[in-house]
Amino acid sequence: MKSTTTIPFHSKPQPSFNKNFDLLIRHLHEMKAAGYETYICSENPKQFDRLAAIFKELKANVAFLPVEIPIHEGFIDEDLKIEVLTDHQIFQRYHAYKIRQGFSRDQSLNYRVLRELAPGDYVTHIDHGIGKFAGLQKIEIGGQMQEAVRLNYKNNDILYVSIHSLHKISKYIGREGEPPQLSKIGSDAWKQLKARTKRKIKDIAAELIKLYAARRAAKGHAFPPDDVLQTELEASFIYEDTPDQYKSTQDVKADMEKEYPMDRLICGDVGFGKTEVAIRAAFKAVTDGKQVAVLVPTTILALQHWKTFSERLADFPVTVDYLNRFRSAKEKKEILEKLKKGEIDIVIGTHALLGKEVGFKDLGLLVVDEEQKFGVASKEKLRTLKVNVDTLTLTATPIPRTLQFSLMAARDLSVIRTPPPNRQPIHTEIRVFDEDLIKEVIHTEVNRGGQVFFVHNRVNDLPKIVETLKRLCPDTEVAMAHGQMDAEHLEKVLVDFIDRKFDVLACTNIIETGLDIPNANTIIINRADMFGLSDLHQLRGRVGRSNQKAYCYLFAPPMSVLTQEARKRLRTIEEFSELGSGFQVAMRDLDIRGAGNLLGGEQSGFIADIGFETYQKILDEAIQELKETDFKDVFKEEIAQKGSYVRDVTIETDVEMLIPDEYVSNTQERLSLYTELNTIENEEGIAAFAKRLEDRFGKLPHQVNALFDGLRLQWLCKKLGFERLILKGGKLRCYFLGDPQSSFFETETFNKIVQFVGAKGRIMGISLKQTNKELIFVQDEVRSLKAVKGVLEQVISAVQ
């Protein structure tokens with residue numbers, strides 16, 4: 001039977017406010033007066049803070065109920081007297097999809113490397129040197145079973161590494177084809193090697209930190225905190241910020257608000273959103289009445305950035321222009337005059353911007369994209385420009401020297417490792433030149449509606465390549481582009497390729513930086529052995545900029561006829577094809593080429609002796625020691641913020657702490673879980689890890705909960721300055737930092753611990769004991785990890 005009942009819905013869609021907040025505020029007041037309740041939906045809680053900040057700045061007394069759920073469109077229900085608005089319609093951004101927060105690249109890389117460890121592999125232990133990995137082994141401590149990693153050393157010596165100290169082990173990556181020498185446990189050779197390196201690093205690093213300190217002492221312009229326009233610009237970004245992107249933006253803005261000039265390097269892989277961070281920084285400078293110069297290495301990139309900046313800032317009162325060889329003499333003259341008068345806010349240009357005739361009315365920010373592409377002379381000119389101006393450098397693959405500067409704390413570093421959602425790794429293959437393969441690759445890509453780059457870096461042979469491509473694929477449109485072409489012609493070819501008038505672009509590496517063509521998803525690089533590592537990484541980054549699977553084919557002669565360095569370069573680019581691997585590529589470049597004159601020959605040899613990751617750890621230790629001793633005045637703020645002087649905490653206990661075999665039977669899986677556990681830094685991390693374990697393996701056994709308690713104790717020890725905690729036979733011994741020169745002993749925290757022990761020692765049975773070498777916090781009669789945790793928490797609450 002057909003129903004004839006009509007159910008009326010008295011609802012209408014969310015009104016359009018066109019980002020006019022006065023209109024929105026007026027509307028909210030009207031709805032409140034009419035008796036409506038307003039809800040605002042967003043999946044990102046930061047949007048509520050942004051709205052509240054905008055209302056506060058506009059002195060609007062409006063109320064809304066935040067709902068942390070995304071809906072597609074807002075609506076008004078006249079029967080229920082409610083209106084539901086969405087943040088993405090208010091800010092006119094597309095409805096973005098939730099980004100899955102996975103591991104950071106650092107963690108995932110460590111997991112991968114350690115998961116790939118097979119018995120017999122060489123590893124480096126930061127305290128004991130090079131050994132051979134021999135798997136996991138159960139050992140008995142005080143009648144209780146624990147699990148440890150077994151390493152074999154010279155003369156068949158064995159070292160057991162606690163599962164809480166896995167971060168001290170790294171896979172040995174050194175000279176290829178030459179097995180390293182095993183270290184001898186107990187000998188001083190390793191310690192001396194490490195001490196020699198540390199000394200050498202400290203000499204160089206001290207020079208660099210002096211530069212850094214001089215910059216800190218220089219007077220710069222302190223920008224004011226974000227205003228309503230800045231908030232609106234950031235909220236209108238059409239994608240949700242990735243966690244790294246958000247952090248980088250906050251870092252840059254915090255630097256700009258400081259008294260001294262900013263010098264920050266943002267290292268993020270191709271297509272990971274560095275430009276958006278630069279746009280936000282540029283806008284912050286412009287809203288405070290300053291001008292911004294964006295320096296790019298190529299003509300094409302200047303054009304691309306000009307389009308990106310102009311589109312992003314179209315709704316705001318900002319003038320953006322660009323200088324490159326596509327501009328006529330008349331246009332250049334006009335732009336230069338406007339710059340001097342302050343009529344252009346943001347200028348984007350190639351090294352023409354560094355010319356003598358270029359002058360600014362009030363330059364406040366310099367953005368340098370792909371610094372490694374500029375020559376020495378350009379960099380010298382840059383330095384004179386940079387003296388008191390905030391500088392932001394963007395790079396996908398930092399050259400070794402730039403990277404070393406950042407690793408050595410001579411400039412601040414932000415790394416964007418999280419890929420945008422739906423990105424896929426680029427499938428990378430090394431092949432010899434093969435016409436059938438070229439034909440197949442081009443047809444496959446064109447048939448799925450995509451486009452192809454064919455990179456050949458010799459202008460003379462490029463027409464022949466075009467002929468070959470037309471012969472192989474007569475039904476495809478092939479265009480040619482290279483730097484020696486007439487400027488207007490080149491621009492037209494590139495614009496036509498972007499507009500999909502051609503299927504294949506045969507070109508030199510002119511496309512290397514900055515061309516953003518999401519529809520091009522296959523790149524063939526001919527004679528890839530002739531390119532440098534960062535060039536290859538950049539070229540590959542021209543594809544895979546959408547959610548389509550992308551392909552990169554590296555054509556080179558057979559491996560047997562290539563030089564050893566060329567082989568390593570190609571293998572590196574093939575190995576690191578995952579998303580966000582630019583940083584790793586740069587690290588490996590440092591390894592292949594050595595660290596250059598920054599570290600001297602001896603140092604490069606040292607990297608080969610101990611493996612790259614361990615070298616980095618030692619470098620890190622040396623920098624930290626310098627910061628806390630010779631340069632503690634310069635880094636006062638950083639040390640206070642860090643709040644922890646302890647890098648590693650060793651825990652020795654006779655409590656049973658392990659993942660039992662009957663719970664997880666696969667040894668590799670257990671090792672991988674221990675490694676992951678070792679990188680967790682907070683309670684949320686433990687909860688998420690425990691949930692995943694329960695989902696996969698069932699109810700958690702008590703030994704795993706004891707592991708979690710061990711981890712919590714490590715965090716507490718770091719806060720209290722303990723390097724080692726021993727709980728055996730019901731006695732607790734916590735060892736303070738072994739370095740008596742550490743500035744920790746001058747802190748309020750340490751003084752308060754001493755006062756606490758003095759006041760509560762007798763009641764709680766705790767005391768401080770001084771030996772020749774160490775100061776120890778002692779408590780007898782402690783039976784469990786939970787009891788230890790209780791004691792340490794009491795101490796922490798007293799010192800905070």
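Among 526-533, 331-338, what's the highest-first ranking by average C-beta atoms within 10 angstrom per residue?
Final packing ranking: 526-533, 331-338.
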Zone of Asp315 (label point 7 Å along Cα→Cβ, backbone N under 19 Å): which residues in the stretch 421-441?
none
Over all directions, average the projected area of the Cα convex hull of the stretch 181-315 and note it in nm².
13.1 nm²
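For an R0 of 60 angstrom, estimate the FRET efficiency from the Cβ-Cβ distance between Tyr36 and Glu140 and round to the nearest 0.05.
It comes out at approximately 0.30.
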Glu574 label point, 7 Å along Cα→Cβ, cut-off 15 Å on backbone N: hits in the stretch 537-563?
552-563
What does the extension gain come out to for Ala329 and Ser665, with contour length at 0.36 nm per residue minus their alpha carbon separation?
113.6 nm
When the Cα centres of the stretch 750-800 and the stretch 442-491 are compared, how far apart do they sit, in Å?
73 Å
Output the peptides 340-349, 790-799, 60-69 sorted from most to least packed, where packing is the average of other Cβ atoms within 10 Å over each peptide's residues.
340-349, 790-799, 60-69
Viscosity 1.306 mPa s, temperature 10 °C: give me the Stokes-Einstein translational D for the stretch 1-81 in µm²/s, with Rh taken as the Kirkwood radius over C-alpha pairs.
109 µm²/s
Placed amide H near Val294: partners under 5 Å, 5+ positions off or other chain
Val347, Ile348, Gly349, Val367
Mean separation of Cα contacts under 8 Å (6+ apart) over length of the chain, as relative contact order %
12 percent
What's the angle, to the nearest 10 degrees (0 to 90), between helix 612-628's Cα axis and the longest principal axis of the chain?
80 degrees
Could you list, in their original order, any pairs among Lys59/Lys258; Lys253/Lys501; Lys56/Lys290; Lys168/Lys284 whose Cα atoms are separated by more than 32 Å?
Lys253/Lys501; Lys168/Lys284
Expected unfolding gain across Gln800-Lys361 under the 0.36 nm per residue rule, minus the alpha-carbon gap, is 153.1 nm
Determine, for each peptide in 456-464, 44-52, the mean count of other beta carbons within 10 angstrom over its residues, then list the peptides with the highest first.
44-52, 456-464
Output wanted: per-residue J couplings in Hz (rounded whole) for the stretch 787-800, from phi through Karplus 6.51 cos²θ - 1.76 cosθ + 1.60, θ = phi - 60°, x for Gly and Pro.
5, 4, 4, x, 5, 5, 5, 4, 4, 4, 5, 6, 8, 7
Measuring from label point to label point, each 7 Å out along Cα→Cβ, what is the Val754 to Met559 span in nm?
6.2 nm
What distance in nm separates the two pseudo spin-label positions at Glu343 and Lys200, each 7 Å out from Cα along the beta-carbon direction?
5.8 nm
Return a whole-number percent for the relative contact order of the stretch 135-266, with Cα pairs under 8 Å and 6 or more residues apart as the contact set.
17 percent
Please give the length that would be gained between Asp695 and His443 if that part of the chain were fully extended, namely 0.36 nm times their separation in residues minus their C-alpha to C-alpha distance (nm, one decimal).
86.3 nm
Please label the shape of the stretch 431-568 as rounded, prolate or oblate, based on the square roots a ≥ b ≥ c of the eigenvalues of the alpha-carbon gyration tensor (a/c under 1.5 means rounded; beyond that, a/b larger than b/c means prolate, else oblate).
rounded
Put one equal scatterer on each alpha carbon of the chain, apply the Debye formula with no solvent term, and list log10 I(q)/I(0) at q = 0.06, 0.10, 0.11 1/Å to two decimals.
-0.48, -1.27, -1.43
Can you tell me the 0 to 90 degree angle between the C-alpha axis of helix 299-312 and the longest principal axis of the chain, rounded to 10?
90 degrees
Given only helices, namely DSSP H runs of n ≥ 4 each adding -39500 (n - 2.57), what is the per-residue ellipticity at 222 nm of the chain, to the nearest 500 deg cm²/dmol?
-13000 deg cm²/dmol
What distance in nm separates the two pseudo spin-label positions at Leu193 and Gln624, each 7 Å out from Cα along the beta-carbon direction?
2.2 nm
Alpha-carbon centroids, the stretch 543-571 and the stretch 329-355: separation in whole Å:
40 Å
Apply the Karplus parameterisation 6.51 cos²θ - 1.76 cosθ + 1.60, with θ equal to phi minus 60°, to every residue of the stretch 478-485 and state each ³J(HN,Hα) to the nearest whole Hz, in sequence, with x for glycine and proline.
10, 10, 10, 9, 7, x, 8, 6
Computed curve, the stretch 143-258, Cα-only Debye sum without solvent term, log₁₀ I(q)/I(0) at 0.09, 0.12, 0.17, 0.19 Å⁻¹, is -0.62, -0.85, -1.01, -1.13
Assuming R0 = 60 Å, what is the FRET efficiency of Asn547 and Asp780, from their Cβ-Cβ distance, to the nearest 0.05?
0.45
Sequence-separation-based contact order of the stretch 433-482, relative, with Cα cut under 8 Å and 6+ spacing, percent:
34 percent
Compute the angle between helix 564-575 and the longest alpha-carbon principal axis of the chain, please, reported from 0 to 90 degrees and rounded to the nearest 10.
90 degrees
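Rule-based calculations on the coordinates, nothing more; no lab input. Keep in mind the model is a prediction, meaning the values are calculated, not measured. Cβ coordinates were reconstructed from backbone atoms using ideal geometry, including for glycine residues, and neighbour counts include every protein chain displayed.
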